[in-house]
Amino acid sequence: MKKIKVVYWLSLVVMLLAVWAFVPLYSFANQFADGVKNGGSIYIEVSLTPLLIFFVIGGGISILLYRFNRKKNKGLLSSLFAPGEFSEEDEREKMITARACRRVYMSMIPVFGVMLILMMAYPFLIDIIPYYPILVVFILPLAQLTVYYLSVRKQTS
């Protein structure tokens, strides 16, 4: 629980890098769809720099989080795929995690409602911000991460 702040910020950095990396992929999908609809030759231009930076920095952060999460009795797969936030050592920390997970679960309905309202603005923003759906979709994990962090911080202080 002591390292929750570090895990939060590292996860936030990886999430923002993922948003940045998915924007060119979204552009690629749109260009490909336009080429298929028009029936002519398909010419697609995509920047792979954000994707490569995401894999390099995200991979480094994943290795760092793996080292944080590794325990003596855990296997490789459980250490890789279990979130670093779930490294409880006693009953108190398990209760804090359970309460935080409950709060995250309870926050999903309002967050989903906000996401639906924001998606209603997409037709007006399609020419200005064509990758707007990606930004809206990433609100969900951002909200989950933030609610979890704030809940744990409130319970431990």
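The values are calculated or read from the model by the stated rules, or taken from the named source; none is laboratory data. This structure is a prediction, so every number in the text was calculated from the model and none was measured. In this analysis, Cβ positions are derived from the backbone assuming ideal geometry, glycine residues included, and neighbour counts consider all displayed protein chains.
Contact map, the range 17-29: residues that are closer than 8 Å to P50 by Cβ paired with residues that are of a type in the set (S, T, N, Q), Cβ distance under 7 Å, separation 6+ or inter-chain. Pairs shown: P24/S47. For the range 139-154, the condition holds for no residue, the condition being that it is more than 21 Å from the chain's Cα centre (by Cα) and either over 28 Å from I61 (Cα atoms) or crowded, with 16+ Cβ neighbours inside 10 Å (or both). In the set L145, L116, L135, only one residue is in a helix (DSSP H, G or I), closer than 30 Å to N30 by Cβ, at pLDDT 95 or above and of a type outside the set (G, A, S); that residue is L116. Please find, within the range 1-60, the residue that is farthest from K154 (Cα to Cα) out of those that are part of a helix (DSSP H, G or I) and basic (K, R). Going through the qualifying residues, I end up with K37. Within the range 1-49, the only residue that satisfies the criterion of being over 16 Å from P130 (Cβ atoms), among the polar types (S, T, N, Q) and surrounded by 15 or more Cβ atoms within 10 Å (Cβ to Cβ) is S11. Among residues of the range 40-62 that are within 12 Å of S11 (Cα to Cα), those with a beta-carbon under 6 Å from a residue that is surrounded by 12 or more Cβ atoms within 10 Å (Cβ to Cβ) at least six positions away or on a different chain give the pairs I57/L17; G58/V14; G58/L17; I61/L10; I61/V14.
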